Amino acid sequence: MDTEITLDRVDEVRERTGAPYASCYQALKATGGDVVQAIIRLEEERPAWGQRLGALRRGVAGQARALAREAQRTHIAVLQGERRVANVPALLGVLGAAVLPGLAAAGLLVAIATRATVTLERDATV
């Protein structure tokens, strides 16, 4: 006998399993709306969720490593004519500007007042 699949039933299965709504709905649909059977079904599928989550984590970690490598290669250079006045890793510059925006703005104003050139440079050797 099929029981109506309501949002309350989906919420109950989701609360107990932590599964996404779509998975809870599909499990309820496959079990004719039986909440207990849907929970059991989802718990049996849980290893597959772990594998997908692990793959997602590995992908995010890989992107973070690639971003860190790129950040190591990029610098903010402050030049006064041909003379290099400062060379700051771009990541440090961005974080510094986020944490102390007033200081970053003051530094930029000083660079403008002294006619310094502020550029982003990429080091191909890192």
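Taken over region 14-23, residues that are closer than 12 Å to GLU43 by Cβ and under 26 Å from the mean Cα position of the chain (by Cα) amount to 4. Reported count of residues in region 80-116, each being touching a residue at least 12 places away in the same chain (Cβ under 8 Å), outside any strand (DSSP E or B) and under 25 Å from GLU70 (Cα atoms), is 3. Within region 1-16, if we keep just the residues that are β-branched (Val, Ile, Thr) and under 12 Å from GLN37 (Cβ atoms), the residue that is surrounded by the fewest Cβ atoms within 10 Å (Cβ to Cβ) turns out to be THR3. Annotation note: Cβ proximity below 7 Å between a residue of region 23-44 that is within 11 Å of VAL10 (Cα to Cα) and a residue that is outside any helix (DSSP H, G or I) and not hydroxyl-bearing (Ser, Thr, Tyr) (sequence gap 6+ or interchain) occurs for TYR25/ILE5; LEU28/ILE5; LYS29/ILE5; GLY33/ASP2; GLY33/GLU4; GLY33/ILE5.
Answer yes or no: is there a residue in region 47-58 that is hydrophobic (A, V, I, L, M, F, W, C), without any contact (Cβ under 8 Å) to a residue 12 or more places away in the chain and over 27 Å from LEU7 (Cβ atoms).
Checked against the condition, which is being hydrophobic (A, V, I, L, M, F, W, C), without any contact (Cβ under 8 Å) to a residue 12 or more places away in the chain and over 27 Å from LEU7 (Cβ atoms), region 47-58 yields at least one hit.
For ARG69, are the conditions met, namely being at pLDDT below 85, under 19 Å from the mean Cα position of the chain (by Cα), in a helix (DSSP H, G or I) and over 30 Å from GLU15 (Cα atoms)? Taking the combined requirement at face value, the residue satisfies it.
Take the conditions (1) exposed (fewer than 12 other Cβ atoms within 10 Å of the Cβ); (2) in a helix (DSSP H, G or I); THR119 misses just one of them, which is (2). Restricted to region 35-66, and to residues there that are among the polar types (S, T, N, Q) and modelled with pLDDT of 85 or more, the residue that is surrounded by the fewest Cβ atoms within 10 Å (Cβ to Cβ) is GLN63.
The values are calculated or read from the model by the stated rules, or taken from the named source; none is laboratory data. Small disclaimer: the values here were computed from a predicted structure and weren't measured. Reconstructed Cβ throughout: ideal geometry from the backbone, glycine too, with neighbour counts over all protein chains shown.
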